[in-house]
Amino acid sequence: MPKAGAYNAASKWTYDEESLLKKFYPRYGGHYVARLLGRSVIAVRVHAGRMEIAAATKRWTEADVNRLKQQFSTMPNAKLARSFGRDVENMLAKARTLGLRAGPERWSPVELAYLRSVYGTMPVKEIAERLKRPRGSILILAQQHGLARKRTRMTKAIERTIMKQIGRVPLTEIAATVRIGKERILQIARANGYRPEPRWRPDCWTPAEDAFLRKHYPTMRAMDIAKHLGRSAQSIQYRTRKLGIPATAAYTAREVHWTAHDESMVRKLYGRIPMNELSKRLGRTEKAIQGRAGLLGLSLRTANKALPQLWTTAEDEELRRLYKSQLTNHEIARKLGRPYGSVCHRAQQFGLKKERPERVEWTAEEDRQLRKLHKTFAPTEIAKRLGRKHHVVRARLYKLGILVRRTAKPPIWTTKEDRLLAKLYGRHPVAEIAERLGRSMNAVKSRAARKGVAKRPRSAVADKPASKPNRRRS
């Protein structure tokens, strides 16, 4: 039995995947094949239905149900499922239908002995991590067995050890060494005169930073000072206001005032071209442009609604390059991040046209394969096998007369057809039944489902009467 998850799935079903589906689906079911191929259970079941592969259903006997009720809360799920010869998901589904719930895993004698030896000398959290159990479960079991936390008797040697290691070794290591809690260690250390050294917070300003700020703020930009000190520009401005450091006239004179031309450019281009390009045109920062747009009553939402975003030179070049490839307009629109209609309109302005691929004529060999595959597979699967488009295969089927276009409402099913369907369904392929009845495969499947005709294995005896379908799902 191969290891689950050994194969990677692709969007299309390969020949190897279909061979694995034929081999393992009737034996182990959809959940196992889904884990093996890395696909969803629904995808596996749908493809198995298209290939007409029936999953072997193993009924639950009364003895199996009784054993499941007795052992479900005492044995691990994987081990119990193996004893039944079933999948774990199948067993859990049956347990849910019976209203069974898995209780907490029982404590083994080894775990209980370990708990007795370390409880009281080790933190409960650490015991829970080592035993991989909840903290509350450990406390409840300790209470049931009368276990009490052992209080370590304080001695001069323990105090000397604490005072020697405090401040140098982490409290967790000290607690593990002397077997005392962290809070009690700090109480003993403070009683013996220990005082932790004050630490500077990350947001506290040092005297050296204040001196650098007083020296360079009148001549340097706040952004440059922020990069030098490793702080934000807002933090620099707040600190200068708090210290009362004014900016010199030479620094404030460097501010470029907004002209009428700049404001008209902002009104015209804001929200229609990328912000970095607008910043290069105006020679200003993006934050300065956003602030000025806010004063002018502009926003990206209103700008985008008012006028469409202009095409840049780089986007035009990218559009010409992508149009030469075999990508569709929808794919080009997703790559450029623009609407589909905008891409079509821009291509029409430049007179761009897609080069249609050369038409590949159908050969006699392909027509022979098409007639052969149509008896077993749907047009979508035939298109994958022949390497053609789905609509091309369907058009060829109509042209060869294999498929007939429906011009009127399909005829009503007769009693004779229903009797023949009940006799053949499950013993012969659906395509063969559809051809014999002169109906489509979907019509045959729908009628069989409506009449409650159950599929039987291919190896069933032809003259054996059809049994009543079992709708019970295990």
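Ignoring aspartates and glutamates fewer than eight residues from Lys94 along the same chain, the ones with Cα atoms less than 13 angstrom from its Cα are Glu62, Asp64.
Note on Lys451 and Lys375: their simple-model spin labels are 2.3 nm apart, each label 7 Å out from Cα toward Cβ. The solvent-accessible area of Ser117, taken with every protein chain present and a 1.4 Å probe, is close to 70 Å². Full extension of the chain between Arg241 and Arg168 yields a length gain of 22.3 nm, computed as 0.36 nm times the residue separation minus the alpha carbon distance.
Over 20 Å between Cα atoms, which of Lys23/Lys389; Lys58/Lys79; Lys423/Lys451 qualify? Distance filter (> 20 Å) returns Lys23/Lys389. The lysines within cross-link reach of Lys125, meaning a Cα-to-Cα straight distance under 18 Å and a gap of 8 or more places when in the same chain, are Lys150, Lys182.
Subtracting the Cα-Cα distance of Cys344 and Thr219 from their residue separation scaled by 0.36 nm leaves 39.7 nm. Filter the cross-link list Lys242/Lys280; Lys22/Lys375; Lys12/Lys372 down to pairs whose alpha-carbon distance in this structure exceeds 23 Å. Exceeds cut-off: Lys242/Lys280.
The values are calculated or read from the model by the stated rules, or taken from the named source; none is laboratory data. What you see is a predicted model; the values in this text were computed from it and never measured. Because the Cβ atoms are built from the backbone with ideal geometry, glycine has one as well, and the counts that use them run over all protein chains shown. Accessible surface areas use protein heavy atoms only, side chains included; no ligands, DNA or RNA. Shrake-Rupley method; radii C 1.70, N 1.55, O 1.52, S 1.80 Å.
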